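The values are calculated or read from the model by the stated rules, or taken from the named source; none is laboratory data. What you are looking at is a predicted structure, and each value in this text was computed from that prediction instead of being measured. In this analysis, Cβ positions are derived from the backbone assuming ideal geometry, glycine residues included, and neighbour counts consider all displayed protein chains. Side chains included, ligands, DNA and RNA excluded: accessible areas come from the protein's heavy atoms. Shrake-Rupley method; radii C 1.70, N 1.55, O 1.52, S 1.80 Å.
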Amino acid sequence: MVHEITIISGKGGTGKTSVTAAFARLAGTSVICDLDVDASDLPLLLSPQIDETMEFRAGKVAVLDKEACPECGVCLRYCRFGAIMDGEDGIILDTTRCEGCGVCAYFCRPGAISMADRLSGHWFRSRTQAGPMLHAALLPGEENSGKLIALLRREAAALAERDGFKLILSDGPPGIGCPVISSISGTGYVVIVTEPTASGVHDLKQAADLCDHFRRPVGIILNKADLDRDHAAKVEALCRERGYPVLASIPFEPAVMQALVRGRTLLDVSEAGVAAAITDAWNTLLPYAERARRTDVP
Amino acid sequence: MIVAVASGKGGTGKTTVAAALARIWGGDRIAVDMDVETPNLHLFLSPSIAGEQDSTLEVPVVAHPDRCNGCGKCSEICAFKAIVTLGGRPVVFPDMCHACGGCLEVCGRGVLQPGKRVLGSVRWGTATGDTERDPGSLSFLMGQLNVGEAMSPPLIREIGNCLASMLEQTGGDAIIDAPPGTSCPAMSAVRDADVLVLVSEPTPFGLHDLQLAWRAFASAGKPAGVVINRAGWEGGAGDAAMYGFCRDEGLPVLAEFPFERMVAEAYAKGLSLDRASSRHRHAVAKLVSRVSALGSAAQ
Amino acid sequence: MTNRNPTGQHKKVAVSAFGPGLEARPDIRFGRAAGFVIVDPTDDTVAFVANAGAESLGQGAGIAAAEAMARADVGVVLTGSVGPKAAAALAAAGIKVVETCEGRTVGDVVRGYRADPNPQAAP
């Protein structure tokens, strides 16, 4: 049975990626996924060796054949995304605004507009010391619809089954939108890394609502725990209310920042019990994660 | 002048910098939170909200199924599987719909009518800026995407439209807190800005994501500068790489805020960067001048 | 192996699978399955419909698969689990869904269904 654990944060910058890297080391060997395809940072800590690079094509983009275009302006009337403009040189298509709906192409009588597959990014099959890694990089301005994330998770599941891995560990994206939904739906266990700040508590609630909406079991890691007592209490209250275990409370420790600058993980920080806290969190969470069932991958 | 505060990476201090800029900026200005998935700007500006409205997307509704002859043209034109023909009738999946209007255009039999799907809400109001300077008015505008809702660009576009009409009515400047990252939502938010402020930190993550951000935004041709937060760690080892990158790309470093626990504690309480200390307030005032100059030089 | 049971299931039966034929391994996923093995109970012919949407579609793969089932005139889908949109699409098309994938092969799954067309969900 393959178990899947996904680490998210709601708010960015709480330490999600550092935690995932530490867990990857503690797990010994697992299939590791970086699902933060917009700003993929996990490779910076795990130094993967890329074995294969694949193109990722999502959706369509309109392509204008200027020679065939009679400049009738019909397409302009239909486009709801402001992607078609009337310039000095005739009709201009702004592909950064193009939603790929294909309506302009459908109504273009002379057939001057066609829909092409859109190259949105690349994904990679790689190797790390902690196991195989699946990661990706979206091209700038591309839609992060969750499709690429779903692809990475399917690949991870297939790899795990084929090669007999028991665990998939995923670094999720920030926020609560489509990419996060794609990362957590059907996963076995979600770890939310949060911090005791006004922003952190606000975003924790959103992330928690999302996990509850999708009925995912949740555990919390409170990072920079001693930064603000009031907000730490709010985090703890939320956890009690919703029945989330607090897997670890990691103090605000300058040595962590130092380790990050050097490209190291939390396990390398022995000060203030940081390494011990992360190790405890892992040992606490593992039985929960193993009990949870991983359902259909979307 | 429209200032967009962005960052490749989340958690570098984009919102606290945006809030500080908005507070200290002189004259009439609007603080805008376009990070609609996890909006935090209001936590630092404590605005009084004067109004709120639902942000909706126009989606098809099967108003007259009896008129349908099962031709399937609506399903054929739909690129998103939001409307499909099953059992001889159209079936709509509203949360797949991108509101392109294609199905409504193509159905000649009046089966479909435009309906609404609520994505989230837009809220507006006023806040108090830094009262020591000539305050002007600080207006506030934000959006909140409903939890579980997938699409943020339509809501961001709507906020952009609200901002445009507010600016038309009152003039003045705007400071936008953009979503993190460089995908569609971030691009939508910075699209109409006159000047970009990129906030980063001197860690391998911060540098990597600043490079991604610059690669994404550079082609827009807007004047841009960098604010380095949590600087000065490890005797500047991380800083050197960041400064090197900025120099190579011709990106001015507009301000540098050293790593200090005191700042983190102020942030935790919801106090924007300018309120961490009088030294910080002074530094933000300088940053305001530099950003303003960068924006003016281009205009 | 004809089967005319009291619930009137003369219609074609589809099983989500990793490949064609009755010996193929069943896939518990509906929307992302490689394809569907379709058995016609009137003459026991076996066909295979590849699931084009599995790779090409980001969202809506389940809906596309439901459309494919409707086009192939399937009456019952046997699969592991169906997401809410796919479920709604199949219901709109009047296609019955049985969430079961008990069996090593597609043939096992079909036999299991014919023995018990209306299983209770496992507790």
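Being in a helix (DSSP H, G or I), open to solvent by 40 Å² or more (accessible area, probe 1.4 Å) and within 13 Å of another protein chain (Cβ to nearest Cβ), is that true of even one residue in region B:274-281? So far as region B:274-281 goes, yes, one or more of its residues are in a helix (DSSP H, G or I), open to solvent by 40 Å² or more (accessible area, probe 1.4 Å) and within 13 Å of another protein chain (Cβ to nearest Cβ). The criterion of at least 3 residues that are more than 14 Å from chain B (Cβ to nearest Cβ) and open to solvent by less than 50 Å² (accessible area, probe 1.4 Å) is met by the following helices (runs of 4 or more DSSP H) wholly inside region A:227-298: A:229-242, A:274-291. Against the test of being surrounded by 19 or more Cβ atoms within 10 Å (Cβ to Cβ) and under 26 Å from residue B:157 (Cα atoms), the options B:82, B:50 yield a single qualifying residue, B:82. Residues of region A:185-219 being open to solvent by less than 10 Å² (accessible area, probe 1.4 Å) and within 11 Å of chain B (Cβ to nearest Cβ), which ones? Matches in region A:185-219: A:193, A:195, A:196, A:197, A:199, A:200, A:203, A:204, A:207, A:208, A:210, A:211. Against the definition (open to solvent by 20 Å² or more (accessible area, probe 1.4 Å) and within 11 Å of chain A (Cβ to nearest Cβ)), how does residue B:179 come out, yes or no? Here the answer is no, as residue B:179 does not meet what is asked. Residue B:116 meets each of the listed conditions (1) closer than 30 Å to residue B:15 by Cα; (2) part of a strand (DSSP E or B); (3) touching a Ser or Thr at 6+ places or on another chain (Cβ under 6 Å) apart from (1). Does region A:164-182 include one or more residues that are outside the structural domain of residue A:65 (by TED's automatic domain parsing), modelled with pLDDT under 90 and more than 30 Å from residue A:79 (Cα to Cα)? Within region A:164-182 (the criterion being outside the structural domain of residue A:65 (by TED's automatic domain parsing), modelled with pLDDT under 90 and more than 30 Å from residue A:79 (Cα to Cα)), the answer is yes, since at least one residue qualifies. Summed over region A:64-84, residues that are within 14 Å of chain B (Cβ to nearest Cβ) and either in contact with a Cys (Cβ under 9 Å, 6 or more places away or on another chain) or open to solvent by less than 20 Å² (accessible area, probe 1.4 Å) (or both) total 9.
Scanning region C:69-82 for residues that are out of contact with any Asp or Glu (no Cβ under 6 Å at 6 or more places or on another chain) and surrounded by fewer than 21 Cβ atoms within 10 Å (Cβ to Cβ) yields a count of 6.
Taken across region A:263-270, residues that are within 26 Å of residue B:271 (Cβ to Cβ), polar (S, T, N, Q) and without any contact (Cβ under 8 Å) to a residue 40 or more places away in the chain do not occur at all. Residues in region A:113-154 that are under 17 Å from residue A:46 (Cβ atoms) and not in a strand (DSSP E or B) were compared, and the one that is nearest to the other protein chains (Cβ to nearest Cβ) is A:152. Would a scan of region B:201-210 turn up a residue that is of a type outside the set (A, V, I, L, M), open to solvent by 10 Å² or more (accessible area, probe 1.4 Å), without any contact (Cβ under 8 Å) to a residue 60 or more places away in the chain and closer than 23 Å to residue A:41 by Cα? Within region B:201-210, one or more residues are of a type outside the set (A, V, I, L, M), open to solvent by 10 Å² or more (accessible area, probe 1.4 Å), without any contact (Cβ under 8 Å) to a residue 60 or more places away in the chain and closer than 23 Å to residue A:41 by Cα.
You will find that of C:54, C:66, C:89, C:34, the residue that is buried (at least 22 other Cβ atoms within 10 Å of the Cβ), free of Cβ contacts under 8 Å to residues at least 40 places away in the same chain and either within 20 Å of residue A:154 (Cα to Cα) or within 13 Å of the chain's Cα centre (by Cα) (or both) is C:66 and no other.
Residue check: residue B:33 meets all listed conditions (1) buried (at least 22 other Cβ atoms within 10 Å of the Cβ); (2) away from chain A (no Cβ under 14 Å); (3) not aliphatic (A, V, I, L, M) but one, namely (2). Of all residues in region A:152-181, those that are without any contact (Cβ under 8 Å) to a residue 40 or more places away in the chain have Cβ atoms under 8 Å from Cβ atoms of residues that are assigned to a helix (DSSP H, G or I) and open to solvent by less than 10 Å² (accessible area, probe 1.4 Å), 6 or more apart or on another chain, in A:181/A:210.
From the list B:253, B:284, B:291, the lone residue that is more than 15 Å from residue B:8 (Cβ to Cβ), β-branched (Val, Ile, Thr) and surrounded by fewer than 18 Cβ atoms within 10 Å (Cβ to Cβ) is B:253. Within region B:277-299, residues that are in contact (Cβ under 8 Å) with a residue 24 or more places away in the chain have Cβ atoms under 8 Å from residues that are in a helix (DSSP H, G or I) and open to solvent by 60 Å² or more (accessible area, probe 1.4 Å) in these pairs: B:281/B:275, counting only partners at least 6 apart in sequence or on another chain. Condition check for residue B:247 on (1) of a type in the set (D, E, K, R); (2) within 13 Å of chain A (Cβ to nearest Cβ); (3) without any contact (Cβ under 8 Å) to a residue 24 or more places away in the chain: one failure, at (2).
Scanning region A:1-35 for residues that are of a type outside the set (Ser, Thr, Tyr) and either under 20 Å from residue B:37 (Cβ atoms) or within 11 Å of the chain's Cα centre (by Cα) (or both) turns up A:7, A:8, A:10, A:11, A:12, A:13, A:15, A:16, A:33, A:34, A:35. Among the residues of region B:89-100, those that are crowded, with 18+ Cβ neighbours inside 10 Å and within 31 Å of the chain's Cα centre (by Cα) comprise B:92, B:93, B:96, B:97, B:98, B:99, B:100. Taken together, the criteria place residue A:110 among residues that are out of contact with any strand residue (DSSP E or B) (no Cβ under 9 Å at 6 or more places or on another chain) and more than 14 Å from chain B (Cβ to nearest Cβ). One residue is enough: does region B:214-229 have a residue meeting the conditions open to solvent by 10 Å² or more (accessible area, probe 1.4 Å) and free of Cβ contacts under 8 Å to residues at least 24 places away in the same chain? For region B:214-229, residues open to solvent by 10 Å² or more (accessible area, probe 1.4 Å) and free of Cβ contacts under 8 Å to residues at least 24 places away in the same chain: present.
Summed over region B:112-152, the residues that are more than 14 Å from chain A (Cβ to nearest Cβ), without any contact (Cβ under 8 Å) to a residue 60 or more places away in the chain and in contact with a strand residue (DSSP E or B) (Cβ under 6 Å, 6 or more places away or on another chain) give a count of 3. When A:28, A:12, A:59 are screened for being within 9 Å of another protein chain (Cβ to nearest Cβ) and either among the hydroxyl-bearing types (Ser, Thr, Tyr) or open to solvent by 40 Å² or more (accessible area, probe 1.4 Å) (or both), only A:59 passes.
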